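The next block holds one structure in the form of structure tokens; read it before the comments.
No lab work stands behind these numbers, since they all come straight from the coordinates. Not measured: the values here are computed from a predicted model. So basically every Cβ, Gly included, is an ideal-geometry build from the backbone, and we count neighbours across all protein chains shown.
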Amino acid sequence: MNRRRCKTSRFPQIPGAPSPLIVQAVRPVVFSDVDPMGIVWFGRYALFVEYGVCELERQTGLSFENLRKEGLFAPVAQFSINYLQPMRMGDEITIRVSMIWTGAAKINTEYQLSRQDGTVCACAYATQLLMDAATGEPCWALPPFIEAFNSKWVSGGFACLQQK
């Protein structure tokens with residue numbers, strides 16, 4: 001992996017914080033993903049990331065639907081991708097999603113997109129801010145739903161998603 005363009009972790013590990021929640025999803029590269037050269041068009045990489053986000057939501061319950069039910073939005077405030085190797089039609093891409101503990105009213109996630117042979121094709125990073133859906137104002141304190149989620153995380157409720 002090119003270390004200068006794809007850091008091991010974009011977000012600093014907070015001492016004493018629980019380890020990241022990690023899920024994986026696999027998605028094939030299909031015809032509509034590629035450009036005339038047969039490689040994935042750069043704008044499609046975000047769709048691969050979103051595919052991984054859906055798996056994170058499924059396994060943790062931290063879905064946009066559940067956030068909405070709690071009166072919260074989580075818009076993306078920052079998103080970046082480092083393109084390392086092309087993905088081609090027919091590749092099976094593994095999307096590794098790591099949700100990094102923050103303790104703040106935001107969600108930090110890192111993504112790694114790899115081919116079947118383990119070649120890392122791209123790394124991406126996102127920060128979502130928690131906002132009150134009714135007012136559009138940022139949450140300065142952790143909402144009860146997120147406090148409960150974090151408590152579950154700290155107490156080992158997501159141990160199956162954490163690396164030892």
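Details
- Projected label points at ALA104 and PHE31, each 7 Å from Cα along the beta carbon direction, are separated by 4.6 nanometres.
- The structure shown yields percent of Cα pairs over 21 Å apart, and of the options [x] 56; [y] 40; [z] 49 that calculated value carries the label [z].
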